[in-house]
Amino acid sequence: MRKCLITCLLLFLAVSLWSQREYPMTDSLVNDYSGMLTWRQRDSLEQRLRTFNDSTSNQIVIIITPRLYDEEIIDLGVRIGHEWGVGQKDLDNGVIILIKSKCEEESFGDAAIVTGLGLESVLPDAFCRRIIDDQMISHLADTDYFSALVAALDVIEPVCCGEYNYKDYKNEHARKRTPDDIAGSITLWLFVTLGVGYIFFRIFHRKKPRTGGGNSSDGDDSDSSYSSYDDDDDDDDDDDDSSSGFSGYGGGDFGGGGAHSRF
């Protein structure tokens, strides 16, 4: 009898631990199991993703979880995408943004973008990694999960619609970095030129005989009005509470595409 009770207890614990690893399908596109988003932020993202789903048929799902239970984050994202059927069955056009938040048991943070089979060509692994590193990590490190998600969606949504691609992204970011480099070079050149000119002026001024010197005023017109790249455009407060036509997931499949980065 005692042996039977122990066996039942072990079986119960095993089932409990397994159930913790499962993520049952929900009727929401934003699933925050870590409580990192406010209700207003969650509702704003939910409305945005439902509108995107209704207008394009592409489905983007956000999942924030405190634990991975020793499962690789990409594998977890693929498994959830397959089990839930994110994206349309005939298009496999689903995307999962999966964030593992920091907690006492697992102090590291991890962010992944996992793509359905139909979107792997427009969102290759290298592109997903760039989106995470360029758009998300800095916000996540500051515990600003909402801004990280908004920044990622600002890139992913037009890509899914065919309005944007990886080449455009790389060219755009190259252009954004170029003005900084040019400004830095011009500033350095200006300081060196002024420094050399000042030295020659001092030498020349010392050699000339004094005939009742006048005051020379150096007009410093260095207008350093420098505008750094700032992509902190506040997300529009969409208070439209009207329910969209989202009717659940469409049975899309995932093949393992995606990338992740820790923070």
**Request:** Report in % the part of the accessible area of the stretch 55-117 that belongs to carbon and sulfur, leaving out ligands and nucleic acids; probe 1.4 Å.
**Result:** 46 percent
**Prompt:** What accessible surface, in Å², does a 1.4 Å probe find on His260, ignoring ligands, DNA and RNA and rounding to the nearest 10?
**Reply:** 70 Å²
**Message:** Would the stretch 36-172 count as rounded, prolate or oblate if I go by the C-alpha gyration tensor, calling it rounded below 1.5 in a/c and otherwise prolate when a/b exceeds b/c, oblate otherwise?
**Reply:** rounded
**Item:** Calculated FRET value between Thr26 and Lys170, using beta carbons and R₀ = 35 Å, to 0.05
**Value:** 0.50
**Placed amide H near Gly258: partners under 5 Å, 5+ positions off or other chain** = Thr115, Asp125
**Request:** Run the 1.4 Å probe and let me know the accessible area of Thr56, rounded to the nearest 10 Å².
**Result:** 40 Å²
**Asked** Simple spin-label model, 7 Å along Cα-to-Cβ: Ala141 to Cys103 in nm?
**Response** 2.5 nm
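The values are calculated or read from the model by the stated rules, or taken from the named source; none is laboratory data. Worth saying up front: this structure is predicted, and the values here are computed from it rather than measured. Glycine gets a Cβ as well: all are built from the backbone with ideal geometry, and neighbour counts include every protein chain shown. When the accessible area is computed, the model is the full protein with side chains, heavy atoms only, and any ligands, DNA or RNA have been set aside. Shrake-Rupley method; radii C 1.70, N 1.55, O 1.52, S 1.80 Å.
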